[in-house]
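Derivation of every value follows stated rules applied to the coordinates shown; laboratory data play no part. From a predicted model like this one, the values you see are computed outputs, not experimental measurements. No Cβ is skipped: glycine too gets one built from the backbone with ideal geometry, and neighbour counts run over all protein chains shown.
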Amino acid sequence: NGSSRGIIHDLTEECGGNVSDKGIVNVTSSSCYNYQYAKFAVDLDDVQSYFESNYGSDQWLKYDFKDRKVSPFCYLIRSSPYNKGRKHLMNWVIEGSNSDDSSSWTVLDSRNNITSQDDKSAVQVFSIQKTGGFYRYLRIRQTGNNSSNFSDLRLSALEYFGSIQ
């Protein structure tokens, strides 16, 4: 069902609920479309809810681990609960930062024209191309259009696997 035993999963179990609602991880986005909130991306066992941004270039979803830092080696994306061709993610980067104003980002992974996410609740794990650093902030940023040829970012779950300190 796309659930996992990654960093968000472990923090969810530790705090007993949604890590955003509980104030453990600050989950924010560049924008939010029609009440499809960023915090839905950390509800790993909920396959019906999803996050969706407004239209626009470089839409993003960011996790602020606050007093912790993480070093990811891979990540999981679960697409939204819509059929093939319905705004599924195809082009993105994963970025890390330690800048308090999040102005300086390091690209950790880059994907282009990925079609494996273009299906209802498709789950896939991707390896991080640049590993080794610890970051307070991780974000996924859409770098091209989705499977409907639109610029909004839509996904049901985003989980990171790696070390946390």
Report task. Give the residue from 128, 102, 113 lying farthest towards the positive end of the charge dipole for the stretch 1-150; charges sit on Cβ (+1 for Lys and Arg, -1 for Asp and Glu) and the dipole is referred to the Cα centre. Result -> 113
Query - Difference of contour (0.36 nm per residue) and Cα-Cα distance, residue 57 to residue 124 - result: 21.7 nm
Report summary line: Magnitude of the Cβ-charge dipole (Lys and Arg +1, Asp and Glu -1) of the stretch 32-165 about the Cα centre, nearest 20 debye, reported as 160 debye
Query - Alpha-carbon Debye profile of the stretch 1-93, log10 I(q)/I(0) at 0.14, 0.22, 0.24, 0.25 Å⁻¹ - result: -0.53, -1.34, -1.55, -1.63
Report task. May I ask for the distance between the Cα centers of the stretch 42-67 and the stretch 81-153, given as a whole number of Å? Result -> 10 Å
Report task. Check cross-link reach from residue 87 to the lysines: straight Cα distance under 25 Å, and skip same-chain residues fewer than eight apart. Result -> 39, 62, 120
Query raised in the report: So how far apart, in nm, are the two label points at residue 5 and residue 131 if each is 7 Å from Cα heading toward Cβ?
Result: 1.7 nm
Report task. Return, ordered by residue number, the residues of the stretch 141-158 whose backbone nitrogen is under 14 Å from a label point located 7 Å along Cα→Cβ of residue 83. Result -> none
Query - Ratio of the Cα radius of gyration of the chain to 2.2 N^0.38 Å, where N counts its residues - result: 0.93
Query raised in the report: Taking only the alpha-carbon positions of the stretch 116-165 and ignoring solvent, what does the Debye formula give for the base-10 log of I(q)/I(0) at q = 0.16, 0.20 Å⁻¹?
Result: -0.63, -0.91
Query raised in the report: So how do 11-17, 61-67 stack up, highest first, on mean other-Cβ count within 10 Å?
Result: 61-67, 11-17
Query raised in the report: In the stretch 1-47, if every C-alpha pair distance is counted and binned at 5 Å from zero, what percent goes to each bin?
Result: 4, 23, 30, 24, 14, 5, 0
**Report entry** Convex hull per residue volume in Å³, alpha carbons only, for the stretch 46-139
**Finding:** 113 Å³
Query raised in the report: Do the sum for the chain: with -39,500 (n - 2.57) for every DSSP H run of n ≥ 4, divided by all residues, what is the mean residue ellipticity at 222 nm, to the nearest 500 deg cm²/dmol?
Result: -1500 deg cm²/dmol
